[in-house]
1. Consider the candidate values (1) 1, 8, 17, 20, 21, 17, 10, 5, 1, 0; (2) 1, 8, 15, 18, 16, 14, 11, 8, 5, 3, 2, 1, 0, 0; (3) 1, 6, 6, 6, 5, 5, 4, 4, 3, 3, 3, 3, 3, 3, 3, 3, 3, 3, 2, 2, 2, 2, 2, 2, 2, 2, 2, 2, 2, 2, 2, 2, 2, 1, 1, 1, 0, 0, 0; state which one is P(r) over Cα pairs in 5 Å bins from 0, in percent computed from the structure displayed.
2. Rounded to the nearest 20 debye, what is the charge dipole size of the chain about its Cα centre when +1 sits on each Lys and Arg Cβ and -1 on each Asp and Glu Cβ?
3. Are there DSSP H segments in the chain that both extend 15 Å or more along their axis (alpha-carbon positions) and score a mean Kyte-Doolittle hydropathy of at least -1.0? List them, or say none.
4. Accessible area per residue, 1.4 Å probe, Å², for the chain: what's the number?
5. Towards the positive end of the charge dipole of the chain, with charges on Cβ (+1 Lys, Arg; -1 Asp, Glu), say which of G71, T22, Q118 has the farthest Cα.
6. Calculated from DSSP H runs of 4 or more alone, at -39500 (n - 2.57) each and per residue, what is the 222 nm mean residue ellipticity of the chain, nearest 500?
7. Pop out the carbon and sulfur fraction of the accessible area of the chain as a percent, whole number, probe 1.4 Å.
Amino acid sequence: MLRRVLSSAERVLVADGFEEFTMAAVAEDAGVSVGAIYRRFAGKEELLAAVKDRMLSALEESLEESVRASGTDLASTVRAFVDSITASLAANDRAFPELLRPAAELAGRGRQAVASMQRIFEEATEPFLPEVRRQDPRAAVSAVHQMVVGSCVHRASMPRDSAPGYERSWEWYANQLSEMAIVYLTTAESAVSA
């Protein structure tokens, strides 16, 4: 039953957003009583925390699989990293604004996911550090991770009609981020700072 409730909670959150996310909506989708959900979760925030953990775990697993299968060079590894994050956010864009809000009980899991994403990216790019044309290649890889994750989190938390450019697809956005990251990593530092 727990798996069914969490799947339903994720579906309701993704399809309807936080405003329509209620225990009754989740119960209806799962085909269980509201009381059955309350026997498992003390309230909406506890259920949201479980959904966040499930969604972020799926993001981490997908990210790890993507970068492992990405290929043999820095550019394909960067693209796999960016594509995996943006695809996950695109599939769940109605849910992420709520999941990214800074509630203390939800923020801890978010920080854990970001640290996991950084570890995955750093491990995946380790063999390609000689291709990084920066004075400190590890710091440059870390900066790219921060840029990509920060940009994606920002975009996921913004309403679609908030500013020009936000109406563009996640695929377009992923291509832009990948190109910027690859150019930064593979352009000699002196050429950029000159």
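1. Working out P(r) over Cα pairs in 5 Å bins from 0, in percent from the coordinates points to (2).
2. Dipole magnitude for the chain comes out near 340 debye.
3. Helices meeting the span and hydropathy rule in the chain are 2-16, 44-68, 74-91, 104-125, 137-157, 170-186.
4. Per residue, the chain has an accessible area of 51 Å².
5. In the chain, that residue is T22.
6. Computed mean residue ellipticity for the chain: -23500 deg cm²/dmol.
7. Looking at the chain in its full context, I get 52 percent from C and S.
The values are calculated or read from the model by the stated rules, or taken from the named source; none is laboratory data. Given the structure is predicted, the values throughout are model-derived calculations rather than measurements. Don't worry about glycine lacking a Cβ; one is built from the backbone with ideal geometry, like all the others, and counts go over all protein chains shown. Ligands, DNA and RNA are stripped out before the accessible areas are found, and what is left, the full protein with its side chains, is counted by its heavy atoms. Shrake-Rupley method; radii C 1.70, N 1.55, O 1.52, S 1.80 Å.
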